[in-house]
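Chemist: The structure under discussion is supplied below as structure tokens; questions concerning it will follow.
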Amino acid sequence: MFFHLKENNDTKKKLDTFKIGQNKYYILGATYISPYASGLVLNPKVKGLMLDTTWHALQNYVISIPTLLIQNVGMPIGFTFALTENEKIYDDFFVRFENIFGFKLTSRVHICESDQGTALLASVEKHGMVHLSCLRHLIVSLKTNTFSEQVSELIKCQCTKDFETLVANYSQSWASLRDENQKAELENILEKVGL
């Protein structure tokens, strides 16, 4: 476990403390990497990494639990926690992994699934990974505009036939749009999901 410690709490936040000898330090964050993480990452069955954060696991901190995806099963390989969700919370994990095991996690795992948060996207791009949007997060990001439900149905299709049927149905109603604002709204939401 690698801690980020500080002698004085100038963050204006309630922080946990850590004692080393007689000295008390404030915990800004930490990174833990499981001893079996290297063996899992080297497994050729690993197809990707899932990254996200939660505020519910540790009081006063946000936590990220990088999870390898192996044949539709998630295997956590450690965690990082910090005061805020930013690019550093993800980068710390990648840097610590390389320092411990002597190779970059991203040299073996090239795909990352996550939400569309700016910190996550920046870290994934920085480490040269292909980003896949989590379907649930993508659908939530569509919000509730005029076309959200239809576009959501399109991206949830499980086969080409269903997709083509929906495209044919929606295309007829969308072709009749006359309002320029609605057309722009439709184009924006379709572009967001890559259609």
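Chemist: Can you pull out the residues in region 39-80 that are part of a loop (DSSP other than H, G, I, E, B), under 15 Å from C112 (Cβ atoms) and touching a residue at least 60 places away in the same chain (Cβ under 8 Å)?
Modeler: L51, D52
Chemist: Pull up region 148-172, narrow it to residues that are hydrophobic (A, V, I, L, M, F, W, C) and under 23 Å from the mean Cα position of the chain (by Cα), then point me to the one that is surrounded by the most Cβ atoms within 10 Å (Cβ to Cβ).
Modeler: Ranking the candidates gives V151 first.
Chemist: Give me the residue from region 114-137 that is modelled with pLDDT under 80 and assigned to a loop (DSSP other than H, G, I, E, B) and, out of that set, surrounded by the fewest Cβ atoms within 10 Å (Cβ to Cβ).
Modeler: Applying the filter and picking the extreme gives Q116.
Chemist: If the Cβ limit is 9 Å and pairs must be 6+ apart or interchain, which residue in region 124-152 that is more than 24 Å from A168 (Cα to Cα) and among the basic types (K, R) pairs with which residue that is surrounded by 13 or more Cβ atoms within 10 Å (Cβ to Cβ) and at pLDDT 85 or above?
Modeler: From residues that are more than 24 Å from A168 (Cα to Cα) and among the basic types (K, R), the pairs are K126/E87; K126/Y90; K126/D91; K126/F94.
Chemist: Could you please find all residues in region 22-35 being open to solvent by 30 Å² or more (accessible area, probe 1.4 Å) and in contact with a strand residue (DSSP E or B) (Cβ under 9 Å, 6 or more places away or on another chain)? First the steps, then the outcome.
Modeler: If we filter region 22-35 for residues that are open to solvent by 30 Å² or more (accessible area, probe 1.4 Å), which is where we start, we get 22-26, 28, 32, 35.
Answer for region 22-35, where residues must be open to solvent by 30 Å² or more (accessible area, probe 1.4 Å) and in contact with a strand residue (DSSP E or B) (Cβ under 9 Å, 6 or more places away or on another chain): K24, Y25, Y26, L28, Y32.
Chemist: In region 138-147, which residue that is under 15 Å from the mean Cα position of the chain (by Cα) and surrounded by 16 or more Cβ atoms within 10 Å (Cβ to Cβ) is modelled with the highest pLDDT?
Modeler: Selected residue: I139.
Chemist: Would you point out the residue of region 19-38, among those that are free of Cβ contacts under 8 Å to residues at least 40 places away in the same chain and polar (S, T, N, Q), that is nearest to F103 (Cα to Cα)?
Modeler: The extreme case among them is N23.
Chemist: When only residues in region 78-99 that are under 20 Å from G128 (Cα atoms) and more than 15 Å from the chain's Cα centre (by Cα) count, which is surrounded by the fewest Cβ atoms within 10 Å (Cβ to Cβ)?
Modeler: That would be N99.
Chemist: Among the residues of region 100-113, which ones are hydroxyl-bearing (S, T, Y) and surrounded by fewer than 16 Cβ atoms within 10 Å (Cβ to Cβ)? Working first, answer last.
Modeler: Kept after step one, since they are hydroxyl-bearing (S, T, Y), are these residues of region 100-113: 106-107.
Once the filter is applied, which keeps residues that are hydroxyl-bearing (S, T, Y) and surrounded by fewer than 16 Cβ atoms within 10 Å (Cβ to Cβ), region 100-113 yields only S107.
The values are calculated or read from the model by the stated rules, or taken from the named source; none is laboratory data. Note that this is a predicted model, so its numbers are computed, not measured. Because the Cβ atoms are built from the backbone with ideal geometry, glycine has one as well, and the counts that use them run over all protein chains shown. Areas reflect the complete protein model, heavy atoms only, side chains present, ligands, DNA and RNA absent. Shrake-Rupley method; radii C 1.70, N 1.55, O 1.52, S 1.80 Å.
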